[in-house]
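Enquirer: Below you'll find the structure I mean.
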Amino acid sequence: MSLSQRKSFSVFPAIQFIIIIALTFVLSVNSFAQEATDDTTSVTSVIIAPPTNLLVEDFEYDDGEKLNLIWTPSIDDQPQVGKVTGYQVFRVTNDDVTTKIAELMPGANNFTDQELDKDSTYSYYVTAIANGAEASSVTTSPISPQREWVNFGLTNLFVIALIIGGAIFYFIEMGKRGKKLFVRKIAGLEAVDDAIGRATEMGRPILYIPGIHDMDDVQTLASLTILGRVAEQIADYDIKIRMPVARSLVMTAARETIKASYQAAGRPDAYSDDMVSYITDEQFGYVAAVDGIMVREKPATVFLLGAFFAESLILAETGNHVGAIQIAGTARPAQLPFFIAACDFTLIGEELFAASAYLSNEPKALGALKGQDVGKIIAAAAIIAGVLLETVIQLTDSESAATLLGYLRQAFTT
Amino acid sequence: MDHFGIWLAAFLTLGIYSFLYRDNAWYKLSESIFIGISAGYWVVILFWDNFYAKFWLQRQDDPMLWVGAALGFLMLLRLIPKIGWIARWPLAFIDGATAGLWGMNFLASNIMVQTKATIMPLMGPAFSGSIGDLLSNLVLVGGTFCGLIYFFFSKEHKGAFGNAARVGIWTIMITFGAMFGYTVMSRMSLLIGRIDFLFRDWLGLLK
Amino acid sequence: MRREIPLAITVFVGFLLIISVFFPPVETLGEDFSLSFDIIAVFAFFLGGGNLIRIHLKKLARRETDWMFSIVTLGGFILMLTAGLLKIGNPGDIATSVNTEGMLFESIYRSVFVPLGATMYALLAFFVASASYRAFRAKNREATILLVAAFIILMGSTPLGAMATSWMPESLSIFEIPNLAVWIMSYANLAGQRAIIIGIGLGVVSMSLRLILGVERSYLGKEG
């Protein structure tokens, strides 16, 4: 479009537009009968161009319930002019029912229609809206969303899952077959025995806090697996364990866990449901109660293992204040610094998930840790190779390096 | 807030703060009120939001809802000692589903995304960019690499490997320090918020 | 059977959810699970709430230490239940949210629950101070590094930090505290974050597989 055309399209109608709006306003105020939002307003002199090239495509790799719409915005939709105030998307079904399905901002050029039926057909048109005018694209020909059975867009994820999962599986099998597997010492977990021993010597209880999330958080599951190992020792030593929880489901699961551990230790009679008590689902209500328990019962040892949020520091500082040995761990990076500052031992992220395997000392569980290491080797190797390739490309413009890098990046794209 | 509500809120606020001095009856009272009220609050919310809205109103449209209800019912069998072990079935269901969901999510979002994000050039085209940029990029890439070494379980942290692991834990400690410093400021503003309530809303000393 | 059925359920559901990601017709199974979980949680509340009532009734009956406070807890619990389940003071119909102004439930929430929660949260300011004090006595090299980084970030966001190093010549501007704070956040901090996050990812994958394959089975006890 030439400059003069652009001028004639934008500036003059804008002035007209303002005058018309002003007139409409005066008229509407004067006649009570007419509402400002009335669609039947007779202003038609603002002319805008419709959106063009509307294309409807099946949404790739879905269950046949989505369609993708893409179009070229109206040529009057330009940021400086602001004539087009938005777009409306209309869907026409095979029984000829037209529905407005979306109102979009100026500049919009795509939309995904969802929750469709793969056995119906749909047509669409998009309307550009200006104050007092509108212009619609042509209506597309009918199309049905297609169901894809397999999501090939996730091939990379599948391959990586297969490699890392396969490695973990392989080493678990190795462990089962009795192969000796070395795992280095983890300081925080070496301390568990001492921490339990201390409670025995002092004759004070052990407080176990499994975080404040429910059973749908894998950190809570990790915490309960650790509880299983710890409770076995507790049963052996005949120490009191106190476990206040913030979720009813965690209460049930924790009771089952401790009960199983007491059975495994050959002391089923020593188990009591009272070891685990439900407090409240409320984060800070729970904290208020646990703080109270800490200062009143003065536990010798406190375990803080699971999903923690802002309460991490309140709990850890109170535990520290009452002189307990504290072993903490979470996969919430933001809370880890507080545990490190206030606890004796902290399991950092991955160590929390490794803990139960480590404590069990069972070859198959240790095998899983070996499998994790394969994942680390893959990540580290990919990072080093990728960084070298990127740098070589920057320095030499090598095409073969670029191709290799392309493959590498692709492999880690989800 | 009405007058009584403000006085009650102030009474409870000070009750909680009294804990900083030592455990006392005022704190115990505030604590007990908090536990009772908040536990009741969540039962009510769970009842209306989860049971009434998600289950009762939709129960005829979605057969999957009955799976949840049936498993929930099995959970209650724990109350009958003889068949209490059936309560393990819903737990097994939750374990399996949580493991399956989280495993795949974390594989994609943590491992793949973060690895890909670390693949970057150390320098700009044709040796452009300062030595400072090069060093910074080396810290980023090298720190991530050494951090991974720190978490490596299969090898003792000795020799060159041990040195790399040490650099890794230092990097991780810098991260924790940064997060610590960052959070301290925001926590202070919380205190200011409560002081503001006591002095403005309750005592009316601040206008 | 007591051990086999739960194991079979975990293996089946776990693998089903893993592979569901790759097959669009079943890709919403994760959402179905979340919904089922929400409903199971409601039933579980009978156990949790029941436990709460039982513990405090027992305390009362046995006149244990602080038994008076059990009355308060029970009273609060029952008050909130009654107010919320019966929607006392409801200005609308059954569909009206319990958090609508005018309901007894909402006003207790506002004048008791909210200030108590906010105050507990605000206790953090004091605990942050005491934790910082503890960190100041940096016990070892790691703790010192943490402390120095925290100090730089903290100072970097205050005018004091800018003033303290503003005398530095232009060529050393990177070492001015605010700039140093930005550098730490965008390089060293990011490196540590990534290592932790990748580690957590691997930890979760391994934990999940261990659970699904029955290598970890906390509530089932040891293999018998």
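The values are calculated or read from the model by the stated rules, or taken from the named source; none is laboratory data. What you see is a predicted model, and the numbers here were worked out from it, not measured in a lab. Please note: Cβ atoms are built from the backbone with ideal geometry, for glycine as well, and neighbour counts cover all protein chains shown. Ligands, DNA and RNA are excluded from the accessible area calculation, which covers all protein heavy atoms including side chains. Shrake-Rupley method; radii C 1.70, N 1.55, O 1.52, S 1.80 Å.
Enquirer: Any idea which of C:Ser20, C:Ser36 is more than 24 Å from B:Gly36 (Cα to Cα) and at the interface with chain B (Cβ under 7 Å from one of its Cβ atoms)? Write out each step before concluding.
Expert: Numbers: C:Ser20 fails: at the interface with chain B (Cβ under 7 Å from one of its Cβ atoms).
That would be C:Ser36, the only listed residue that is more than 24 Å from B:Gly36 (Cα to Cα) and at the interface with chain B (Cβ under 7 Å from one of its Cβ atoms).
Enquirer: Quick one: how many residues across the range C:64-84 are open to solvent by 70 Å² or more (accessible area, probe 1.4 Å) and either at pLDDT below 95 or aromatic (Phe, Trp, Tyr) (or both)? Reasoning before the result, please.
Expert: Going residue by residue through the range C:64-84, those that are open to solvent by 70 Å² or more (accessible area, probe 1.4 Å) are C:65, C:67-68, C:71, C:78-79.
Retained after the next criterion (residues that are either at pLDDT below 95 or aromatic (Phe, Trp, Tyr) (or both)): C:65, C:67.
So the count comes out to 2.
Enquirer: While we're on this one: Examine the range C:55-63 for a residue that is under 26 Å from the mean Cα position of the chain (by Cα) and over 30 Å from A:Ala288 (Cβ atoms), and state whether such a residue exists.
Expert: no
Enquirer: Further question: Return the pairs, sorted by first residue and then second, in which the second residue is open to solvent by 60 Å² or more (accessible area, probe 1.4 Å), the first residue lies in the range A:155-166 and is touching a residue at least 24 places away in the same chain (Cβ under 8 Å), the beta carbons are less than 6 Å apart, and the residues are 6+ apart or on different chains.
Expert: A:Leu157/A:Thr414
Enquirer: Follow-up. Given (1) touching a residue at least 60 places away in the same chain (Cβ under 8 Å); (2) closer than 30 Å to C:Val21 by Cα, where does A:Leu54 come up short, assuming only one miss?
Expert: Exception for A:Leu54: condition (2).
Enquirer: Against the condition charged (D, E, K, R), surrounded by fewer than 17 Cβ atoms within 10 Å (Cβ to Cβ) and assigned to a helix (DSSP H, G or I), how does B:Lys54 come out, does it pass? Show your work before the answer.
Expert: Working: charged (D, E, K, R): yes; surrounded by fewer than 17 Cβ atoms within 10 Å (Cβ to Cβ): no; assigned to a helix (DSSP H, G or I): yes.
Against the criterion (charged (D, E, K, R), surrounded by fewer than 17 Cβ atoms within 10 Å (Cβ to Cβ) and assigned to a helix (DSSP H, G or I)), B:Lys54 does not qualify.
Enquirer: For the range A:304-326, state whether one or more residues are β-branched (Val, Ile, Thr), open to solvent by less than 10 Å² (accessible area, probe 1.4 Å) and more than 30 Å from C:Arg3 (Cβ to Cβ).
Expert: Kept after step one, since they are β-branched (Val, Ile, Thr), are these residues of the range A:304-326: A:314, A:318, A:322, A:325.
Retained after the next criterion (residues that are open to solvent by less than 10 Å² (accessible area, probe 1.4 Å)): A:314, A:318.
After this cut, where a residue has to be more than 30 Å from C:Arg3 (Cβ to Cβ) as well, the list is A:314, A:318.
Yes; the residues of the range A:304-326 include at least one that is β-branched (Val, Ile, Thr), open to solvent by less than 10 Å² (accessible area, probe 1.4 Å) and more than 30 Å from C:Arg3 (Cβ to Cβ).
Enquirer: Taking B:Ile131 as the residue in question, decide whether it is at pLDDT 95 or above and open to solvent by 20 Å² or more (accessible area, probe 1.4 Å).
Expert: On the way: at pLDDT 95 or above: no; open to solvent by 20 Å² or more (accessible area, probe 1.4 Å): yes.
It is false that B:Ile131 is at pLDDT 95 or above and open to solvent by 20 Å² or more (accessible area, probe 1.4 Å).
Enquirer: Can you report the number of residues in the range A:389-414 which are without any contact (Cβ under 8 Å) to a residue 24 or more places away in the chain, at the interface with another protein chain (Cβ under 7 Å from one of its Cβ atoms) and open to solvent by 40 Å² or more (accessible area, probe 1.4 Å)?
Expert: Going through the range A:389-414 one residue at a time, the tally reaches 3.
Enquirer: Take the conditions of a type in the set (Val, Ile, Thr) and free of Cβ contacts under 8 Å to residues at least 40 places away in the same chain and apply them to B:Ile35. Does it pass?
Expert: In short, yes.
Enquirer: While we're on this one: Just to verify a result, which residue in the range B:79-100, among those that are surrounded by fewer than 23 Cβ atoms within 10 Å (Cβ to Cβ) and in a helix (DSSP H, G or I), is farthest from the other protein chains (Cβ to nearest Cβ)?
Expert: Taking the candidates together, the pick is B:Lys82.
Enquirer: Okay, next question. Would you be able to say whether some residue in the range B:27-42 is more than 29 Å from the chain's Cα centre (by Cα), more than 7 Å from chain C (Cβ to nearest Cβ) and of a type in the set (Asp, Glu)?
Expert: no
Enquirer: Further question on the same structure: When you go through (1) open to solvent by less than 30 Å² (accessible area, probe 1.4 Å); (2) touching a residue at least 40 places away in the same chain (Cβ under 8 Å) one by one for A:Ala102, which number turns out not to apply?
Expert: Exception for A:Ala102: condition (2).
Enquirer: Any idea which of (1) crowded, with 21+ Cβ neighbours inside 10 Å; (2) among the aliphatic types (A, V, I, L, M); (3) under 28 Å from C:Glu216 (Cα atoms) is the one A:Ile383 doesn't satisfy?
Expert: Single failed check for A:Ile383: (3).
Enquirer: Pick out, from the range A:62-156, the strands (runs of 3 or more DSSP E) lying fully within it that include 2 or more residues that are more than 14 Å from chain C (Cβ to nearest Cβ) and closer than 25 Å to C:Pro25 by Cβ.
Expert: In the range A:62-156, A:67-72, A:84-93, A:110-113, A:122-130 are the strands (runs of 3 or more DSSP E) which contain 2 or more residues that are more than 14 Å from chain C (Cβ to nearest Cβ) and closer than 25 Å to C:Pro25 by Cβ.
Enquirer: Does the range B:152-168 include one or more residues that are at the interface with another protein chain (Cβ under 7 Å from one of its Cβ atoms), part of a helix (DSSP H, G or I) and without any contact (Cβ under 8 Å) to a residue 24 or more places away in the chain?
Expert: Scanning the range B:152-168 turns up no residue that is at the interface with another protein chain (Cβ under 7 Å from one of its Cβ atoms), part of a helix (DSSP H, G or I) and without any contact (Cβ under 8 Å) to a residue 24 or more places away in the chain.
Enquirer: While we're on this one: Can you name the helices (runs of 4 or more DSSP H) wholly within the range A:303-414 that have at least 2 residues being farther than 30 Å from B:Ile119 by Cβ?
Expert: Passing ranges, in order: A:311-321, A:336-342, A:350-360, A:363-396.
Enquirer: Just one of the numbered conditions (1) more than 7 Å from chain B (Cβ to nearest Cβ); (2) open to solvent by 40 Å² or more (accessible area, probe 1.4 Å); (3) assigned to a helix (DSSP H, G or I); (4) not charged (D, E, K, R) is not true of C:Asn51; which one?
Expert: (2)
Enquirer: Please tell me if B:Ile149 is touching a residue at least 12 places away in the same chain (Cβ under 8 Å), within 30 Å of C:Ala143 (Cα to Cα) and part of a helix (DSSP H, G or I).
Expert: Numbers: touching a residue at least 12 places away in the same chain (Cβ under 8 Å): yes; within 30 Å of C:Ala143 (Cα to Cα): yes; part of a helix (DSSP H, G or I): yes.
Against the criterion (touching a residue at least 12 places away in the same chain (Cβ under 8 Å), within 30 Å of C:Ala143 (Cα to Cα) and part of a helix (DSSP H, G or I)), B:Ile149 qualifies.
Enquirer: Within the range C:35-43, identify whether any single residue is of a type outside the set (A, V, I, L, M, F, W, C), more than 30 Å from A:Tyr286 (Cβ to Cβ) and assigned to a helix (DSSP H, G or I), and answer yes or no.
Expert: no
Enquirer: Let me ask another. Taking the range A:273-290 as the search range and keeping residues that are in a helix (DSSP H, G or I) and more than 7 Å from chain B (Cβ to nearest Cβ), which one is most open to solvent (accessible area, probe 1.4 Å)? Walk me through how you get there before you give the answer.
Expert: Of the residues in the range A:273-290, the ones in a helix (DSSP H, G or I) are A:273-275, A:283-290.
Cutting the leftovers down to more than 7 Å from chain B (Cβ to nearest Cβ) gives us A:273-275, A:283-284, A:286-287, A:290.
Details: A:Asp273: 51, A:Asp274: 68, A:Met275: 25, A:Gln283: 48, A:Phe284: 14, A:Tyr286: 0, A:Val287: 0, A:Val290: 0 Å².
Among those that are in a helix (DSSP H, G or I) and more than 7 Å from chain B (Cβ to nearest Cβ), it is A:Asp274.
Enquirer: May I ask you to verify whether C:Leu29 is modelled with pLDDT under 95, more than 7 Å from every other protein chain (Cβ to nearest Cβ) and either touching a Leu at 6+ places or on another chain (Cβ under 8 Å) or buried (at least 21 other Cβ atoms within 10 Å of the Cβ) (or both)?
Expert: Values: modelled with pLDDT under 95: yes; more than 7 Å from every other protein chain (Cβ to nearest Cβ): yes; either touching a Leu at 6+ places or on another chain (Cβ under 8 Å) or buried (at least 21 other Cβ atoms within 10 Å of the Cβ) (or both): yes.
Spelling it out, C:Leu29 is indeed modelled with pLDDT under 95, more than 7 Å from every other protein chain (Cβ to nearest Cβ) and either touching a Leu at 6+ places or on another chain (Cβ under 8 Å) or buried (at least 21 other Cβ atoms within 10 Å of the Cβ) (or both).
Residue-wise test of (1) in contact with a Cys (Cβ under 8 Å, 6 or more places away or on another chain); (2) surrounded by fewer than 14 Cβ atoms within 10 Å (Cβ to Cβ); (3) at pLDDT 95 or above; (4) assigned by TED's automatic domain parsing to the domain that holds A:Val56.
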residue	(1), (2), (3), (4)
A:Phe111	no, no, yes, yes
A:Tyr125	no, no, yes, yes
A:Leu162	no, yes, yes, no
A:Glu190	no, yes, no, no
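Enquirer: Please determine, by comparing only the residues of the range B:174-201 that are surrounded by fewer than 17 Cβ atoms within 10 Å (Cβ to Cβ) and at the interface with chain C (Cβ under 7 Å from one of its Cβ atoms), which one is modelled with the highest pLDDT.
Expert: Only one residue fits best here, namely B:Gly193.
Enquirer: Restrict the check to the range A:256-271 and report whether at least one residue is among the charged types (D, E, K, R), at pLDDT below 95 and within 30 Å of the chain's Cα centre (by Cα).
Expert: Looking through the range A:256-271, at least one residue is among the charged types (D, E, K, R), at pLDDT below 95 and within 30 Å of the chain's Cα centre (by Cα).
Enquirer: For the range A:260-272, give me each residue that is more than 8 Å from every other protein chain (Cβ to nearest Cβ) and either within 19 Å of C:Val42 (Cα to Cα) or not acidic (Asp, Glu) (or both).
Expert: Our first condition is that a residue be more than 8 Å from every other protein chain (Cβ to nearest Cβ); within the range A:260-272, this holds for A:262, A:265-272.
Residues satisfying the conditions are A:Tyr262, A:Ala265, A:Gly266, A:Arg267, A:Pro268, A:Ala270, A:Tyr271, A:Ser272.
Enquirer: Of all residues in the range A:321-353, count the ones that are in contact (Cβ under 8 Å) with a residue 24 or more places away in the chain and touching a strand residue (DSSP E or B) at 6+ places or on another chain (Cβ under 8 Å).
Expert: The number of residues fulfilling the criteria is 18.
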